[in-house]
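K.L.:
Quick one: this structure, given as structure tokens, is what I'll be asking you about.
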């Protein structure tokens with residue numbers, strides 16, 4: 001994919017096995033389920049991954065066309081068990097918008 005502003009290419013130079021390790025799991029929450037109606041899917045990804053790597057990983061894993069990738073680093077949250085105070089781990093979340101006509105509904109919900 002060429003970046004027209006700078007004239008550089010942003011080609012991902014990773015094998016399919018390395019790309020498969022980028023996506024940790026899909027996030028299925030109430031909000032994420034509503035986003036599926038707009039053809040947007042939410043995944044937890046490796047913290048060091050970039051948007052072009054996430055795009056290439058989703059396209060190679062599910063054979064779909066990705067239009068846009070939005071990422072966010074979720075903050076760690078404080079949790080308490082009795083007197084002990086700890087933190088949930090911090091993670092990176094990616095919202096992937098698929099092209100019109102592509103869907104992952106049959107992958108996530110095969111019975112529907």
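The values are calculated or read from the model by the stated rules, or taken from the named source; none is laboratory data. Quantities reported herein were computed from a predicted structural model and do not represent experimental measurements. Please note: Cβ atoms are built from the backbone with ideal geometry, for glycine as well, and neighbour counts cover all protein chains shown.
K.L.:
May I ask you to say which residue of 33, 71 is surrounded by 14 or more Cβ atoms within 10 Å (Cβ to Cβ) and either within 23 Å of residue 109 (Cβ to Cβ) or at pLDDT 95 or above (or both)? If you could, list the steps in order and put the result at the bottom.
P.N.:
Numbers: 33 fails: surrounded by 14 or more Cβ atoms within 10 Å (Cβ to Cβ).
One residue alone meets the criteria, 71.
K.L.:
Just give me the residues in the stretch 84-100 being surrounded by 11 or more Cβ atoms within 10 Å (Cβ to Cβ) and in contact (Cβ under 8 Å) with a residue 24 or more places away in the chain, in sequence order.
P.N.:
Correct list: 90, 91, 92, 93, 94, 95, 96, 97, 98, 99.
K.L.:
Moving to a separate point now. Please work out if residue 81 is surrounded by 12 or more Cβ atoms within 10 Å (Cβ to Cβ) and on the phi < 0 side of the Ramachandran plot. Give the derivation first.
P.N.:
Working: surrounded by 12 or more Cβ atoms within 10 Å (Cβ to Cβ): no; on the phi < 0 side of the Ramachandran plot: yes.
So residue 81 fails the test.
K.L.:
Yes or no: residue 103 surrounded by fewer than 16 Cβ atoms within 10 Å (Cβ to Cβ) and in contact with a helix residue (DSSP H, G or I) (Cβ under 9 Å, 6 or more places away or on another chain)? Quick ask: steps written out before the conclusion?
P.N.:
Working: surrounded by fewer than 16 Cβ atoms within 10 Å (Cβ to Cβ): yes; in contact with a helix residue (DSSP H, G or I) (Cβ under 9 Å, 6 or more places away or on another chain): yes.
Yes.
So that you can scan it fast, the table gives a plain yes or no per residue for (1) touching a strand residue (DSSP E or B) at 6+ places or on another chain (Cβ under 9 Å); (2) assigned to a loop (DSSP other than H, G, I, E, B):
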{"site": "59", "(1), (2)": "yes, no"}
{"site": "69", "(1), (2)": "yes, no"}
{"site": "79", "(1), (2)": "yes, no"}
{"site": "86", "(1), (2)": "yes, no"}
{"site": "95", "(1), (2)": "yes, no"}
{"site": "102", "(1), (2)": "yes, yes"}
{"site": "110", "(1), (2)": "no, yes"}
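K.L.:
Tell me which residues, restricted to the stretch 12-30, are touching a strand residue (DSSP E or B) at 6+ places or on another chain (Cβ under 9 Å) and either at positive phi or in a loop (DSSP other than H, G, I, E, B) (or both). Step through it out loud before you land on a result.
P.N.:
Quick first cut of the stretch 12-30, residues touching a strand residue (DSSP E or B) at 6+ places or on another chain (Cβ under 9 Å) only: 22-29.
Listed by number, the residues that qualify are 22, 27, 28, 29.
K.L.:
Does residue 71 satisfy being touching a helix residue (DSSP H, G or I) at 6+ places or on another chain (Cβ under 8 Å), farther than 11 Å from residue 41 by Cβ and touching a residue at least 24 places away in the same chain (Cβ under 8 Å)? It would help to see each step written out before you state the result.
P.N.:
Details: touching a helix residue (DSSP H, G or I) at 6+ places or on another chain (Cβ under 8 Å): yes; farther than 11 Å from residue 41 by Cβ: yes; touching a residue at least 24 places away in the same chain (Cβ under 8 Å): yes.
When the stated conditions are applied, residue 71 passes them.
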